[in-house]
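Scroll down for the structure; my scribbles are underneath it.
Read-outs: derived from the displayed coordinates by stated rules, not from any lab. Predicted, not measured: the structure shown is a model, and the values here were computed from it. Neighbour counts run over all protein chains shown; Cβ positions are idealised from the backbone, glycine included.
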Amino acid sequence: NSIETLTTWIVSLFLPSPYIPKPTRGAWQERCGELLRAPDEADPKGRRSVRLTRAASETLRSHLKRQLEEMERMGSLYQAGGLVFSTQTGTLINPSNLRNRSFKPLLKRAGLRNICFHDLRHTCATLLLSQGTHPKLVQELLGHATITMTLDTYSHFLPSMGDPTVRAMEVALS
């Protein structure tokens, strides 16, 4: 399964509309310091592809190139498990190492407050909603089961979008 995911990931980066497949079921995921294993049972709604921006696609292509060079350099020591992001030997990245050695220093360098990695999902959703992206599209991107879940989570932000709604109504009625 993981090799299939990696192969799909590699091929998808070179399509006209690049995307990255959702992590394989049973894969390890971190959420606010907790290491969670995705359920093994197949969920047809849970498997989706996420379209990528041009910049993200180019960055991932560069990452793939470095990863393939690392695989070649390590030879038989590299444990190819189909991971998009792995240690230098191809194994799972320890979430604590990712958080403390990479993520926190990046936040500090950018002058941002300390947040957990999962908060980036909320930032993404808030930015998209503030740009007028339809909540249904945000729901699909986040993988929420229902639009209700998305609206319940981000309803505190939506009132600040009232002015554009009023302007749209004025345009529609004039």
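Summarising the amide proton neighbourhood of Val50: residues at separation of 5 or more, or on other chains, whose placed amide H is nearer than 5 Å comprise Ile20, Lys22. The calculated FRET efficiency for Asn114 paired with Thr91, based on their beta-carbon distance and R0 = 30 Å, is about 0.65. Largest first, the extents of the alpha carbon coordinates of the stretch 67-106 on the three principal axes equal 32, 16, 15 Å.
Could I get the Rg over Rh figure for the stretch 65-145? Both from C-alpha atoms, Rh via Kirkwood, rounded to two places. Intermediate values should be presented prior to the final figure.
Values: Rg = 17.1 Å, Rh = 15.5 Å.
For the stretch 65-145, the value is 1.10.
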